[in-house]
Structures are given as C-alpha cells and as structure tokens.
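Heads up: the structure comes next, in structure tokens.
All of the numbers you see were taken from the coordinates with simple rules; none came from a lab. Predicted model only: the values in this text are computed from it and were never measured. Don't worry about glycine lacking a Cβ; one is built from the backbone with ideal geometry, like all the others, and counts go over all protein chains shown.
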Number of protein chains: 2
Amino acid sequence: MIKKLSELIELEISKQNLPVNLPGLYDPIAYTLNLGGKRIRPLLTLLSAQIFYPDASIAIKQALGIEIFHNFTLVHDDIMDNAPLRRGIKSVFKKWNVNTAILSGDVMFALATENISLCEPLILPQVLKTFLQASIKVCEGQQMDMEFEYINQVHLRQYLEMIELKTAYLIAGGLKIGAIMGGASPDNATKMFTYGLKIGTAFQLKDDYLDAFGDPEKFGKQVGGDILAGKKTYLYLKCVDKANEEDRKRLNEIYDAKKNREKKHIIEVKKLFSLYQIDIELKEEMLKLIQSSKEVLQKVDGDEETKKELINLTDRLTHREN
Amino acid sequence: MIKKLSELIELEISKQNLPVNLPGLYDPIAYTLNLGGKRIRPLLTLLSAQIFYPDASIAIKQALGIEIFHNFTLVHDDIMDNAPLRRGIKSVFKKWNVNTAILSGDVMFALATENISLCEPLILPQVLKTFLQASIKVCEGQQMDMEFEYINQVHLRQYLEMIELKTAYLIAGGLKIGAIMGGASPDNATKMFTYGLKIGTAFQLKDDYLDAFGDPEKFGKQVGGDILAGKKTYLYLKCVDKANEEDRKRLNEIYDAKKNREKKHIIEVKKLFSLYQIDIELKEEMLKLIQSSKEVLQKVDGDEETKKELINLTDRLTHREN
C-alpha cells in the first residue's frame with residue numbers, strides 16, 4: 001500500500017507543469033521538487049485520507065501541496081541557516097543566489113496553497129484554515145529555532161515547543177487535511193491532528209538522536225553536525241539538566257565557543273551524552289510519544305487496515321537509521 | 001465616500017491582533033503595516049465591492065488581505081533590490097536583518113491569504129484563485145524586473161508586460177475580488193479585472209514619470225532615482241527607440257556605466273527625455289490607458305455613483321504629484 005501511494009506522489013510531482021517562460025524563477029522550483037527526499041508528509045496525508053475513504057488519491061492535490069510547502073520552507077530556511085547543501089547537493093541560494101531563493105520560495109508557497117485548495121467548496125474553508133495555521137506555526141518554529149542560537153538558557157520545554165511548531169504542526173496539519181478530504185468527522189479529523197503532533201515531535205527527536213548517534217555509513221550526513229554547530233537539541237538540553245556541575249560546565253564551554261568546535265569535541269560531548277544516558281532518555285521520550293499517538297489513533301473510527309499501515313510506517317520511521 | 005472607506009481600512013489595520021509572544025517575528029509585521037502609504041489597493045477593492053453591493057465593508061477582510069500581501073512584497077522586494085529605505089524610514093531587512101525580513105514576509109503572505117479567505121464557501125474558490133494567480137504574477141513581474149538589470153536589450157513591450165505583472169495584476173485581482181464579494185456576475189467581475197490591469201499599468205507609468213519629472217518639493221523621494229539606478233523604465237526605453245544614433249549612444253553610455261552615474265547625468269538624461277518629448281508620450285500612453293479603462297467601466301452594470309467615485313479616484317491618481 002505504501003509503495004503504491006509513494007508512486008502516486010512521485011507521479012503527481014513529475015506531472016507539475018511549471019511555466020517555461022521564466023526559467024530564472026521556475027528552474028529552482030523544479031530543482032527543489034526533484035531533489036527527492038522521503039516524501040513522508042504527503043504519504044501521511046494520503047494514508048490519513050484512506051482511513052476514511054477507500055481511495056487515497058482523493059487527497060493527492062493536498063498531499064502535493066503539503067510537499068511543495070515543505071520544500072518551500074527548506075528553500076527559505078537554507079538561506080537563513082546559511083546551509084550550503086541540501087540532500088547532498090547545492091541548496092538553491094548557493095546554486096543560484098539569495099534573491100532567487102527568496103522569490104522562487106514565495107512562488108512555491110503560492111503553488112502549495114493552490115494545490116491545497118483544490119477541493120469541494122464546502123470543505124475548503126476548513127482545509128485552508130488548517131493549512132494556513134500550520135504554515136504560520138512552521139514560521140514561528142523557525143523563528144524560535146533561530147532565536148535559540150542567541151539565548152543562553154533554553155529550557156527543554158521551550159525546545160519541545162519549538163520542534164512541535166517547526167516540524168510537528170505541518171505533519172499534523174497534513175494528516176488533518178487528509179482526514180477532511182476523506183470525509184472524516186470533525187472529531188476524527190481533530191484526532192488525526194493530535195496524532196500528527198505526537199509523531200511529528202517523535203520524528204524530530206529521532207533526527208536529534210541520529211545526528212549524534214547515527215551509523216556514519218547509513219546516516220548519509222556528517223554524524224555530530226548538531227554538536228559542531230552548537231545546536232541546542234534535546235540531547236544537549238537534557239544533558240545540561242542532568243549533568244553534575246563539572247560536566248555541565250565543560251558542556252557549556254564547548255557549546256559557548258563560537259565556531260571553535262572540532263571533531264574531538266563531538267567525541268567528548270557524545271561521551272557525556274552516553275554517561276548520563278541521554279540517548280536512552282531520548283528514546284524513551286520518543287517511544288512514549290509513539291505509544292501515546294497509537295492510543296489516539298485507536299480511538300479514530302476508520303479503516304483498521306490503513307490504520308495498521310500508518311502505525312507500521314510510523315514505527316519504521318522511529319526505527320530508521322537515516 | 002473615499003474618506004469613509006479610507007478610515008474603515010485604517011481601522012481594520014489597527015485592529016490587527018498580532019501575537020505578542022514572538023516580537024522578533026511579529027514586530028516587523030506591525031512596523032510594516034503601520035508605515036502608512038496611500039492604501040490605494042484596499043480602497044480600490046472596497047470601491048469595486050460597492051459598485052455591486054451597497055455596503056463596501058462586505059469586502060473589508062479581502063481589502064486588508066490585499067494590503068497585507070502588497071506589504072509582504074515590499075518587505076521581500078526591499079531585500080532583493082537592496083533598498084535601505086521604505087517610505088522614508090528603514091526597510092525591514094535594514095532595521096532588523098535579512099532573515100527576519102524573509103520570515104516575517106512569509107508570515108505576512110499567510111496572513112494575507114487568511115484574510116482573503118474570510119468569505120462564503122461558495123465564492124471562496126473563485127476569490128482564492130484570483131488572489132493566488134495574482135500573487136504568482138506579482139512574483140513573475142519581480143523576476144522580470146530583476147532580470148532586466150542584466151539584459152542589454154529590453155523591449156518596450158517586455159517592460160509593459162513586466163509592470164502589468166508586477167503592479168497591475170494585484171490591483172486587478174483586488175478589484176475582481178471586491179466585485180465577487182459584492183455579488184457581481186462573472187462577466188462584471190472580469191470587466192473589473194480588465195479595468196484594473198489598465199489603471200494599474202497607468203499608475204506605474206505615472207510613477208515612472210514622477211521619478212524623473214516630479215516636483216522635488218512634492219515628490220517626497222529623490223527625483224531622478226531611477227536614472228541614478230540605471231533602471232530601464234518606460235522613459236528610457238522609449239527614448240532609446242526614438243533618439244538619433246548619437247543621442248542613443250550617449251544614453252546607453254550613461255545607463256551602461258555601472259554605478260558611475262551622478263546628479264549631472266540626471267540632468268543630461270532628462271534633457272534627452274524632453275528633447276524627444278518622451279514625457280509627453282508617456283502621458284499620452286497613460287491617458288490612453290485611462291480612457292480605455294473608463295470605456296470598460298462604462299459597460300459594467302452597477303451603482304453609477306460609485307463608478308463615478310472610482311473614476312474620480314483614478315483621475316486623481318494619474319494627476320498626483322507624489
């Protein structure tokens with residue numbers, strides 16, 4: 001089922017007929033959409049629709065819209081984070097320039113909204129509201145993320161709020177939109193949203209984990225990138241909470257040193273994470289979220305087989321190695 | 001009538017309850033919306049609604065959405081054009097930074113779409129489609145505008161296409177949305193759109209004129225800014241068309257000199273514009289558009305008094321001195 005839906009998504013993306021008269025504006029959009037990626041978000045949207053309606057393709061335009069929006073945030077975030085690479089190749093602002101990345105991104109936001117809106121007028125207000133609110137939350141999350149870089153004391157709950165906004169809201173919004181497209185009751189649609197917030201947060205925790213403890217051969221990115229960047233992720237914040245004074249001091253020394261972090265610091269920091277069993281705590285936190293998400297999904301009235309597929313996918317994503 | 005509608009717009013803008021928890025994201029939005037400006041676009045949207053419905057406030061949320069979108073484009077354009085000032089004070093990316101301007105702009109686009117969408121479900125698809133298509137056209141226009149800087153031979157018709165996209169489409173879209181909100185027939189709504197394309201293009205030609213020939217005491221900006229920037233406006237392109245070989249060569253010498261233009265060049269270029277009566281040609285072109293717009297408006301079935309107000313406003317804007 002997952003394979004078929006993934007093919008449906010790739011087909012829909014390949015069918016995008018972008019205008020050819022302005023390559024300076026549209027080539028970066030095609031480039032971004034064709035970079036690949038796991039296409040998790042549109043897949044979740046389709047699965048959510050199929051819980052309530054036998055044919056998931058009823059939500060294909062919305063799934064596409066969610067994916068285009070996600071890619072739009074990557075294009076703009078890469079400028080803000082000064083990230084030269086995206087999925088191993090040049091990010092848009094590096095391959096072209098900042099102006100191109102801004103403007104092509106803006107068009108992607110409009111194209112995303114256009115696709116999201118391709119539904120029956122009666123459900124359009126609800127679909128659109130869900131999408132626009134999620135899109136604002138994503139921006140708020142990015143803002144918090146950027147501000148954390150300059151704040152000395154970030155609390156763990158602030159971090160969890162940030163990843164909920166930046167990552168989980170779009171996943172939750174996509175699941176709710178899929179549900180609405182499938183004809184779910186408002187109550188079931190809300191449950192799918194709640195489910196999405198939980199799994200979205202869990203996925204980001206898994207990202208944090210892999211960044212430090214991933215297998216270099218399987219991870220695909222440099223292991224320890226977050227530590228090198230001094231990024232205050234779950235691992236760091238929890239470790240600051242749990243460490244004794246001496247270790248906390250050392251940890252903060254390393255994280256406060258602007259750009260003087262090297263590979264040896266990755267090893268040192270990971271030792272501290274392990275010493276205080278932060279990796280284990282993270283996994284527990286993640287599995288708690290997944291467990292709680294399953295309890296929410298259980299209460300959703302819909303196709304049990306598709307619900308099982310959704311749970312399997314979620315489990316695979318929390319056990320992934322890249 | 002205009003005064004009352006303008007007050008309605010200012011009231012609606014002042015009522016915006018932006019979240020207070022993320023000043024780094026929302027302060028730049030409040031700053032931008034409170035910079036003032038003529039609020040022409042929302043005014044036109046309201047007048048268009050009132051042609052078909054006695055109470056213009058039926059379209060106030062859409063008028064607000066159009067104004068927020070317009071302000072969003074200013075925030076992003078100022079980054080792209082490296083413009084330090086906006087309405088005499090610091091532009092967002094100068095007062096804060098590029099990242100803030102990108103992200104706050106993105107939120108403004110979402111807020112604009114939210115406001116545009118506050119209408120009856122039955123007309124929402126049409127309203128939203130009109131808005132999103134206009135928003136894409138505006139980006140395409142900005143792209144063309146940026147590309148013109150690096151193209152040696154821009155044709156006058158390309159320039160007219162660019163200003164139609166960058167300026168006229170949003171005005172036209174706002175007028176059409178106002179008409180739909182007022183209950184106009186599809187035919188009348190389309191006519192309001194056509195009307196908007198014509199007056200929007202005329203307004204931009206007037207901007208081009210004022211930039212070179214405005215009265216320094218009334219214009220509010222530096223006269224000759226476009227010439228100093230080497231911007232290929234209507235005046236320059238038409239002059240290149242009409243000038244003899246010697247004058248054309250001189251004109252291109254001045255415009256090709258990257259950043260070596262001074263005030264004396266403004267005087268020299270303006271002399272050439274006057275010599276070839278480009279100022280007069282521009283005014284004729286503008287008045288032709290306005291005349292043609294009036295003929296379109298005449299065929300619209302709606303309140304004659306409001307139509308007259310709209311024509312008066314358009315005439316005032318084409319005779320304005322700032």
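Observations, loosely collected:
- Cβ charges +1 (Lys, Arg) and -1 (Asp, Glu), total dipole of the range B:105-213, debye: 420
- Teacher prompt: B:Gln126 distances to equivalent labels in other copies, 7 Å Cα→Cβ, nm: 2.4
- Expressed per residue, the C-alpha convex hull volume of the protein assembly as shown stands at 160 Å³.
- Whole-Å semi-axes of the ellipsoid equivalent to the range A:68-119 (Cα gyration tensor, √5λ, descending): 22, 11, 8
- Where the Cα pairs of the range A:1-184 fall when distances are cut into 5 Å bins, in %: 1, 8, 17, 19, 19, 16, 11, 6, 2, 0, 0
- Arranged from fewest to most other beta-carbon atoms within 10 Å of their beta carbon, B:His70, B:His76 become B:His70, B:His76.
- With Cα atoms as the point set, the range A:193-305 shows a radius of gyration and Dmax of 16.6, 54 Å.
- Separation of the range B:203-226 from the range B:154-196 is 24 Å, based on Cα centroids.
- Cβ-based exposure ranking for B:Ile163, B:Ile40, in which fewest neighbours within 10 Å come first: B:Ile40, B:Ile163
- Beyond 19 Å in Cα-Cα separation lie the following of the pairs A:Lys61/A:Lys94; A:Lys166/B:Lys90; B:Lys95/B:Lys263; A:Lys176/B:Lys137; A:Lys61/B:Lys176; A:Lys129/A:Lys176: A:Lys61/A:Lys94; A:Lys166/B:Lys90; B:Lys95/B:Lys263; A:Lys176/B:Lys137; A:Lys61/B:Lys176.
- Cα point-scatterer Debye curve for chain A, base-10 log of I(q)/I(0) at q = 0.08 Å⁻¹: -0.38
- Kirkwood hydrodynamic radius of the range B:231-270, Cα pairs, Å: 10.4
- Ascending distances from the A:Asn34 label point to its copies in the other chains, with the point 7 Å along the Cα-to-beta-carbon line: 4.7 nm.
- Equivalent ellipsoid semi-axes - Cα gyration tensor, the range B:22-102, angstrom: 29, 12, 9
- Estimated inter-spin distance, B:Glu321 and B:Asp207, nm [label 7 Å along Cα→Cβ]: 2.2
- Span from the the range A:4-75 Cα centroid across to the the range A:244-266 one, whole angstrom: 41
- Given charges at Cβ of Lys, Arg, Asp, Glu: chain B dipole, positive-most of B:Gly174, B:Ile58, B:Tyr209: B:Tyr209
- Between B:Arg248 and B:Glu147, the FRET efficiency from the beta-carbon distance, with R0 = 22 Å, is close to 0.50.
- Taking every alpha-carbon pair within the range A:131-279, the share separated by more than 19 Å comes to 58 percent.
- Each of A:Gln143, B:Ser104, B:Ile151 was placed along the dipole of the protein assembly as shown (beta-carbon charges, centred on the mean Cα), and the one lying farthest toward the positive end is B:Ile151.
- Placing unit charges on the Cβ atoms only, positive for Lys and Arg and negative for Asp and Glu, gives the range B:2-318 a dipole magnitude near 520 debye about its Cα centre.
- Calculated [θ] (222 nm, deg cm²/dmol) that DSSP helices of n ≥ 4 give over the protein assembly as shown, each run adding -39,500 (n - 2.57): -23000 deg cm²/dmol
- Tilt relative to chain B, helix B:186-213 - C-alpha long axis, 0 to 90 degrees, to 10: 40
- Distances between equivalent label points of A:Lys264 across the copies, with each point positioned 7 Å along Cα→Cβ, amount to 6.3 nm, shortest listed first.
- C-alpha long axis of helix B:60-80 to longest principal axis of chain B, angle in °: 30
- Rounded tilt (10° steps) of B:263-275 against the dominant C-alpha axis of chain B: 90
- Dipole magnitude of the range A:1-184 about its Cα centre (Cβ charges: Lys, Arg +1; Asp, Glu -1), debye to nearest 20: 420
- Over the range B:155-227, equivalent-ellipsoid semi-axes from the Cα gyration tensor in Å: 30, 14, 8
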